[in-house]
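The values are calculated or read from the model by the stated rules, or taken from the named source; none is laboratory data. Predicted, not measured: the structure shown is a model, and the values here were computed from it. We place every Cβ from the backbone using ideal geometry, glycine too, and count neighbours over all the protein chains shown.
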Amino acid sequence: MLSEQVSVLIRNELKLAQLEMAGKGKQAALGAGMFGAGGMVAVYGVGCLLACAIIAISGVVAAWLAALIVGVALLAAAGGLALMGKGRLRKATPPMPAQAVADVKADVEEVRERAQR
């Protein structure tokens with residue numbers, strides 16, 4: 001009887017974990033899509049601003065030198081952002097169904113206590 005209850009409990013916890021991860025996956029997909037769309041619009045905006053900066057600097061120096069200055073500045077910014085992103089990725093915790101894991105731990109503890117009685 002206890003083994004049957006444990007079996008049902010484990011199956012229910014696995015179903016909970018699946019539902020939790022499916023919900024998180026849907027939210028992540030929507031967020032990623034919106035993030036990508038925002039990024040595409042931002043690319044066009046940045047392109048316009050870069051052209052503006054190159055044109056403004058070319059009033060003082062040759063056009064090729066203005067483009068080189070802006071390009072080097074962009075590459076330096078990209079390198080800094082990449083290093084910061086790499087550091088953040090190291091800190092990221094692995095995605096896991098937190099509620100289901102907590103419930104399983106509580107259930108295991110309960111089963112252990114009842115088995116000792």
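Within the stretch 94-108, identify whether any single residue is under 15 Å from the mean Cα position of the chain (by Cα), assigned to a helix (DSSP H, G or I) and more than 30 Å from Gln5 (Cβ to Cβ), and answer yes or no. Walk me through it before giving the result.
Kept after step one, since they are under 15 Å from the mean Cα position of the chain (by Cα), are these residues of the stretch 94-108: 94-96.
When the remaining residues are screened for being assigned to a helix (DSSP H, G or I), the result is none.
The answer is no, given that none of the residues of the stretch 94-108 is under 15 Å from the mean Cα position of the chain (by Cα), assigned to a helix (DSSP H, G or I) and more than 30 Å from Gln5 (Cβ to Cβ).
Just one of the listed residues (Val61, Val111) is at pLDDT 90 or above, surrounded by 11 or more Cβ atoms within 10 Å (Cβ to Cβ) and more than 14 Å from the chain's Cα centre (by Cα), namely Val61.
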